[in-house]
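Chemist: For reference, the structure I am asking about is given below.
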Amino acid sequence: MTEKKAILKVEGREDLELPIHTPTLGQDVIDVSSLTANGIFTFDPGFTSTASCESKITYIDGEKGQLLHRGYSIEELASKSDYLEVCYLLLNGELPSAEQKAEFVSTVKNHTMVHEQIRNFFNGFRRDAHPMAIMCGVVGALSAFYHDSLDINDSTHRDVTAFRLIAKMPTIAAMCYKYGLGQPLMYPRNDLGYAENFLHMMFGNPCEDSEISPTLARAMDRIFILHADHEQNASTSTVRLAGSSGANPFACIAAGISALWGPAHGGANEAVLKMLEEIGDVSQIETFIAKAKDKNDPFKLMGFGHRVYKNYDPRATVMRESCHEVLAELGVNDPQLELAMKLEEIALNDPYFKEKKLFPNVDFYSGIILKAIGIPTSMFTVIFALSRTVGWIAHWNEMISNPYKIGRPRQLYTGETERSFVPVNERK
Ligand code: CMC
């Protein structure tokens, strides 16, 4: 915080002095919280110019294409770390020592099973239900099982909830998939690593030992890392807003999952593959680019553009490399990857996309990797939710551990002015 001030001049009012906060990284932030007391407030649909909170977890420089978690670059974390270590970092602020890491991993492993009665919920869903629909319901229902840890003001309760959610999300995600297939819901295997165990529950069956390729497990782990957190995006802000009312963390995470589902957010990875299918062939790219540029056509190039990044999404750069590694390792020659590469090349050289600074985002490549691993399109957003759970929890915990207010935005009212009620038989 510094002594800098902004002066707000409003016609017919006295000038207002507003403090300016200086962050450790990034742009200065004008503090407008005193405006309401002065009979005025701000209008910012989509929160494009509004910081909703103070946070120490993640920093994004959209112009540079930089993403830092607790100060560490996403490129370094993706190449040198693993998902559970990144979870520890996001939750605790520092990388763990070897001993702390072993303890953290062991505690996560102690929580991987879900209550047997949770399995009964699945039978209530149609077999063709979207796995995100199942996940929203089942995660929300977890609050009915863990009464022992729902006191949000108790830091031990918050910690155990963090462990439970991180540990159980892969189990629930895989159950959502297996249920749709009509296959037995798999139990976790605690002798396996986090990503390996997830692949075991997705692709294994109780009759045979599953073989998990280390390359695929590593690719999966990297996808988890790249989606672990992304500061105040729509779903994280939803989790914070829900949490600000004092709602329990399982309910808050269920709210986050719902917000993530939309195609403008986490649903984009599924939408990218659907779009590539629709484009079908390199010869059709120009037609779809023209549609994306047409103001009268709602079509957008899925996997392009970002609210904050006005440069290449750094996660997309890592994902692009990972995508090539995985396909090379598996010997997969995916025509959709070729189509994606061509689409990327054409879009990046198109004046419309250049002017609007629309670059490929993380979801542009993640779908191709997930497809190569054998994960169906409908599971893509579920995997995003699984990975993002730690980010949601870290933000929720940061909010609850500090003084906070219920989130309650105001509005610019443009409806009717006050009028008298007319009884129904007198209305025209
Ligand atoms: N294709 C074509 N035009 C686009 C696209 C696109 N993918 N994205 C933005 N634009 C245009 C948009 O029409 C607007 O044009 P104009 O200024 O003429 O009205 C301009 O670029 C600015 O876009 P915006 O919609 O105002 O930007 P936003 O910050 O509100 O939206 C976005 C960001 C990610 C929702 C949007 O770019 C989009 O819908 N992209 C496709 C969906 C997608 O890939 N989402 C995943 C985001 S990354 C994963 C995550 O974090 O969830």
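Chemist: Kindly indicate whether any position in the stretch 115-135 is crowded, with 21+ Cβ neighbours inside 10 Å and not aliphatic (A, V, I, L, M).
Modeler: yes
Chemist: Can I ask one more? Among the numbered criteria (1) open to solvent by less than 90 Å² (accessible area, probe 1.4 Å); (2) out of contact with any Gly (no Cβ under 9 Å at 6 or more places or on another chain); (3) part of a loop (DSSP other than H, G, I, E, B), which one does Leu91 miss?
Modeler: So the condition that Leu91 fails would be (3).
Chemist: Among the listed residues Ser79, Ser55, which satisfies the condition of being under 19 Å from Ser237 (Cα atoms) and not in a strand (DSSP E or B)?
Modeler: Ser55
Chemist: Any residue in the stretch 4-29 that's acidic (Asp, Glu): show its pairings with residues that are open to solvent by less than 50 Å² (accessible area, probe 1.4 Å) and assigned to a strand (DSSP E or B) at Cβ separation under 8 Å, as long as the two are six or more apart or on different chains.
Modeler: Partner pairs satisfying both residue conditions: Glu17/Ala6; Asp28/Ile20.
Chemist: Further question: Consider the stretch 137-149. How many of its residues are of a type in the set (A, V, I, L, M, F, W, C) and open to solvent by less than 10 Å² (accessible area, probe 1.4 Å)?
Modeler: 3
Chemist: While we're on this one: Pick from the stretch 150-187 the residues that are within 24 Å of the chain's Cα centre (by Cα) and not in a helix (DSSP H, G or I): which of them is surrounded by the fewest Cβ atoms within 10 Å (Cβ to Cβ)?
Modeler: Leu150
Chemist: Glu103: part of a loop (DSSP other than H, G, I, E, B) and open to solvent by 50 Å² or more (accessible area, probe 1.4 Å), yes or no?
Modeler: Criteria not met by Glu103.
Chemist: Still on this structure: Considering only residues that are open to solvent by 70 Å² or more (accessible area, probe 1.4 Å) and within 8 Å of the ligand (Cβ to nearest atom), which ones fall in the stretch 293-323?
Modeler: Across the stretch 293-323, the qualifying residues are Lys293, Lys295, Lys300, Arg307.
Chemist: Here are some conditions: (1) assigned by the TED database to the domain that holds Leu199; (2) open to solvent by 10 Å² or more (accessible area, probe 1.4 Å). Glu355 meets all but one. Which one does it not meet?
Modeler: (1)
Chemist: Under 6 Å between Cβ atoms, at least 6 apart or on separate chains: pull out the pairs that start in the stretch 384-410 with a residue that is more than 29 Å from Thr42 (Cα to Cα) and end on any residue that is at pLDDT below 95 and open to solvent by less than 10 Å² (accessible area, probe 1.4 Å).
Modeler: Correct list of pairs: Phe384/Gly266.
Chemist: Could you tell me which of the residues Ala290, Ala259, Ala268, Ala264 is within 30 Å of Ser143 (Cα to Cα), within 12 Å of the ligand (Cβ to nearest atom) and open to solvent by 40 Å² or more (accessible area, probe 1.4 Å)?
Modeler: Numbers: Ala290 fails: within 30 Å of Ser143 (Cα to Cα); Ala259 fails: open to solvent by 40 Å² or more (accessible area, probe 1.4 Å); Ala268 fails: open to solvent by 40 Å² or more (accessible area, probe 1.4 Å).
Only one candidate qualifies: Ala264.
Chemist: For the stretch 220-240, which residues satisfy the criterion of being within 11 Å of the ligand (Cβ to nearest atom) and open to solvent by less than 30 Å² (accessible area, probe 1.4 Å)?
Modeler: Across the stretch 220-240, the qualifying residues are Leu226, His227, Asp229, His230, Asn233, Ser235, Thr236.
Chemist: Still on this structure: Name the one entry in Ile393, Ile406, Ile383 that is away from the ligand (no atom under 16 Å from the Cβ) and assigned by the TED database to the domain that holds Ile152.
Modeler: Values: Ile406 fails: assigned by the TED database to the domain that holds Ile152; Ile383 fails: away from the ligand (no atom under 16 Å from the Cβ).
Among Ile393, Ile406, Ile383, only Ile393 is away from the ligand (no atom under 16 Å from the Cβ) and assigned by the TED database to the domain that holds Ile152.
Chemist: Of (1) over 30 Å from Ile172 (Cα atoms); (2) of a type in the set (Asp, Glu); (3) away from the ligand (no atom under 13 Å from the Cβ); (4) modelled with pLDDT of 90 or more, Glu277 satisfies all except one. Which?
Modeler: For Glu277, the failing item is (1).
Chemist: Would you pick out the residues in the stretch 41-53 that are in contact (Cβ under 8 Å) with a residue 24 or more places away in the chain and at negative phi?
Modeler: Phe41, Phe43, Thr48, Ala51, Ser52, Cys53
Chemist: Then there is this: Taking only pairs six or more apart or across chains, which ones have beta-carbon atoms under 7 Å, a first residue in the stretch 289-311 that is without any contact (Cβ under 8 Å) to a residue 40 or more places away in the chain, and a second residue that is open to solvent by less than 50 Å² (accessible area, probe 1.4 Å) and charged (D, E, K, R)?
Modeler: Lys291/Asp297
The values are calculated or read from the model by the stated rules, or taken from the named source; none is laboratory data. Model, not experiment: these values are computed from the prediction. Reconstructed Cβ throughout: ideal geometry from the backbone, glycine too, with neighbour counts over all protein chains shown. What goes into the accessible areas is simple: the full protein's heavy atoms, side chains included, and nothing from ligands, DNA or RNA. Shrake-Rupley method; radii C 1.70, N 1.55, O 1.52, S 1.80 Å.
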